Amino acid sequence: MSRALAAVFAASVFVFSAPAWADTPISGVIELKLGGYFPQVDAETGIRNAIASGSASKGPYASAFADKHILLFQLEYDHEFFQAFGSLSAALSVGYGEVYGKGLFDSDSTSSSDTTSLKVWPLKLLAVYRFDVLSRRWHVPLVPFIKGGLVYELWRISNGAGETASSNGRTGEGGNWGWEGDVGLAFVLDWLDADLANDMDMDLGINHSYFFAEWSDMSPIRSNPFSQPNRIRLNDKFFDFGLAFEF
Amino acid sequence: MFWTRSKASAFAALAMLAVAPAAAAQTLTPPVATPSAFGAGDCRADTPINVSYTSAAPTQSANTIKVQLFATKESCPGQESNASSIAVPSDGIVLVSPQVQNSIGTQTATLHVTDLADPGGGCDVAQSATWNLCFYELYQPISTFGGTTDWVALQSTSTLTYDSLPPNAPQIASIQPGDQQLHIDIDAPSDTDITGYTVLIAPAATVQFGTAASSASTGSSGASTAASSASGSTASSGSGSSGSSGSAGSDSGSTGASGSSSSSSTAASSSSGGSTGGGSACMSGPDVISVQVSSAATSLTAPGADQPLQNGVQYAVQVQASDSAGNTGPCSVVALGTPQRIDDFWRLYTGAGGGDPGGCSQTDGITLLALLGAGLLVLRGRKKGSA
């Protein structure tokens, strides 16, 4: 009982003693984020069947890249067009990631000195809802958010000479359409130093800054109005982390 | 009390003098030669070296301003008392004799690389020397009473390098097969000014090796690890060959080593002559591919996508180093390597049943552009509306 009372007391202090933040007009948010992205190339049906039948021991991604993750960097701009009970934005996002590995000798499938790579550029058009009511009305420094929209992910595979790979007339580059859905939680950094936050607003026009964690379901292969059959599976569910600046 | 105040004032004045910055001494911009390093090739071509020098307005009034510029391997001398010119050292090459300047600004003088080579030896004498470019501005300030005072000399210095010593031959430590290419690891020569390498590649069957040549190769499938000496080798189609799979040989002084892996090569053998710096004569001929690598990195990949090699064919490889003065050294001894078919990620993907046809469709691009355009129009419309 006493522990419960102490917890309620601590929460009250946390909520009601929080500093008052500047509340100047807001037009958008810029996000910078990094995440460990693992394209599910080897989960493609044809490849899974080949492994199941024993004609391949491992998938091509595991063979070439030893199941390494891609460090995906993304830059997102959210244009806020509705601010009342939370904020609603339209967002454009561009990203870049690459992974390097070694090609395998055709004769015995052992690793060679030739480098091969996969590079991806996910482009996104998203709708974003940020539930910032908690932070604005009650000064709780947490902002949950959700995102959803279209993804077009460009990709390119290079061979040992650094050129775009090709095989039997098929070129190792392309673009996949798909959907994306994200949920995340942002921590309002203003809460750590309200004076500095006010200075940033006055001097730089940055109303609020956030550190956030986001769980993304990026599925460029999933069925959608633009879906194309037999595309390389670049979808993945992964976490990314970053900084956001609301201005 | 009075004395105390006076002392305090005096100390303050002294302190101010102590901390006050001294008047900045007038500086002269150093002469500039671009480039600043020259080799035997420049000497043979008698390349002119343009040296620009910039005179400066003296901080004191002066009737006469002179400039002087010369090159010397000795230190740039200082001004002798009240001298109106600088004594040029015995090895000095005069670019600009003491001459009166009618205007302040930048001018150019020229010397020739042949002037820097040792007299009598010409361009073919191996030598390396750093030359100082000594630039002076001399002027005689006008005194307060209208007369002139002692000559003042401003001085600045830069350097030129003449280096006709070619770098030693690199050693090929290993050759790894690539897909239509070879990965070559080299032991760089000890020269400190290596700026790049030339890789020479020719089908081994077209390379004629000298009588003292040897080969040492593995019997492994396709990945020969042979090395042989090349004495004055030339690439001549259909002539003798060496390094065939499974063969082995040795000669006096050979340090050839045979590998055991199908994808490695570590071999080198001594040259039987015709070389300097521990290397060999370079392959030449119509079948030889020459690749310039402008980097001192010791892991090289050649020849590149625009000159693909044939997988399964054995190639002879040599490497030669270049230095900052443009000198090119002798070639390494020949090593052999065989490119092999390698499956990159895309080949692995298609080979494992991946169904993506690859390539970008026009429909994708048009759809993407349409969506982006629509988004921009919406944003623009909202901005207009809010305005």
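Of A:Trp179, A:Trp155, the order by accessible heavy-atom surface (1.4 Å probe, DNA, RNA and ligands excluded), from most exposed downward, is A:Trp179, A:Trp155. Could you state, as a whole-number percent, how many of the C-alpha pairs of region A:29-246 are farther apart than 22 Å? More than 22 Å apart: 56 percent of the Cα pairs in region A:29-246. Which links in A:Lys124/A:Lys147; A:Lys119/A:Lys147; A:Lys58/A:Lys102; A:Lys68/A:Lys124; A:Lys68/A:Lys119; A:Lys68/A:Lys102 stretch past 22 Å when you go from one Cα to the other? Too far apart for the 22 Å limit: A:Lys119/A:Lys147; A:Lys68/A:Lys124.
Solvent-accessible area of B:Leu372, all protein chains in place: 80 Å² (probe radius 1.4 Å, heavy atoms, ligands and nucleic acids excluded). Each listed q (0.31 Å⁻¹) maps to a log10 I(q)/I(0) for region B:61-102, found by the Debye formula over equal Cα scatterers with no solvent: -1.18.
Multiplying the sequence separation of B:Thr59 and B:Thr110 by 0.36 nm and subtracting their Cα-Cα distance, what value in nm do you get? Write out the running numbers ahead of the final one.
Details: separation 51, 0.36 × 51 = 18.36 nm, distance 2.88 nm.
Value of the extension gain: 15.5 nm.
Please report, as a whole percent, how much of the solvent-accessible surface of region B:14-163 comes from carbon and sulfur atoms (probe radius 1.4 Å).
Working: 3980 of 7770 Å².
So the carbon and sulfur contribution to the accessible surface is 51 percent.
How tilted is helix A:194-204 with respect to the longest principal axis of chain A? Cα atoms for both, answer in degrees (0 to 90, nearest 10). Once rounded, one gets 70 degrees.
For the set B:Leu138, A:Leu34, solvent exposure ranked by accessible area (probe 1.4 Å, protein chains only) runs largest to smallest as A:Leu34, B:Leu138.
Would you calculate a helix-derived [θ] at 222 nm for chain A, using -39,500 (n - 2.57) for each DSSP H run of n ≥ 4 and dividing by the full residue count, to the nearest 500? Before the final figure, lay out each step's value.
Working: 5 runs with 47 residues, N = 247.
It comes out at -5500 deg cm²/dmol, rounded to the nearest 500.
Taking the average, over residues, of other Cβ atoms within 10 Å as the packing measure, peptides A:90-102, B:73-85, A:113-125 rank A:113-125, A:90-102, B:73-85 from highest down.
Any idea how far the Cα center of region A:95-168 sits from the one of region A:33-55, in Å? Distance between centres, Cα-based: 15 Å.
Tell me: how much accessible area in total is hidden between A and B, 1.4 Å probe, Å², nearest 100? Answer for the A-B pair: about 3700 Å² buried. Peptide A:70-83 shows a mean partner chain C-beta count of 1 within 10 Å per residue C-beta. Here region A:29-246 is treated with +1 on each Lys and Arg Cβ and -1 on each Asp and Glu Cβ, and its dipole about the Cα centre works out to around 960 debye.
Spatially, region B:179-198 and region B:38-105 are offset by 40 Å when compared through their Cα centroids.
All C-alpha pair distances within region B:14-163, sorted into 10 Å bins from zero, spread as 11, 36, 28, 16, 7, 2, 0 percent across the bins.
Computed with a 1.4 Å probe over protein heavy atoms only, the accessible area of A:His69 comes to about 110 Å². Accessible surface for A:Arg48 stands near 130 Å², nearest 10, in the context of the full protein assembly shown (1.4 Å probe).
Leaving ligands and nucleic acids out of the surface, order B:Val293, B:Val94 by accessible area at 1.4 Å, largest first.
Working: B:Val293 35, B:Val94 75 Å².
Correct descending sequence by accessible area is B:Val94, B:Val293.
The values are calculated or read from the model by the stated rules, or taken from the named source; none is laboratory data. Everything quoted here is computed from the prediction, not taken from an experiment. Every residue, glycine as well, gets a Cβ built from its backbone with ideal geometry; the counts of neighbours run over all protein chains shown. Surface accessibility is based on the protein's heavy atoms, side chains included, excluding ligands, DNA and RNA. Shrake-Rupley method; radii C 1.70, N 1.55, O 1.52, S 1.80 Å.
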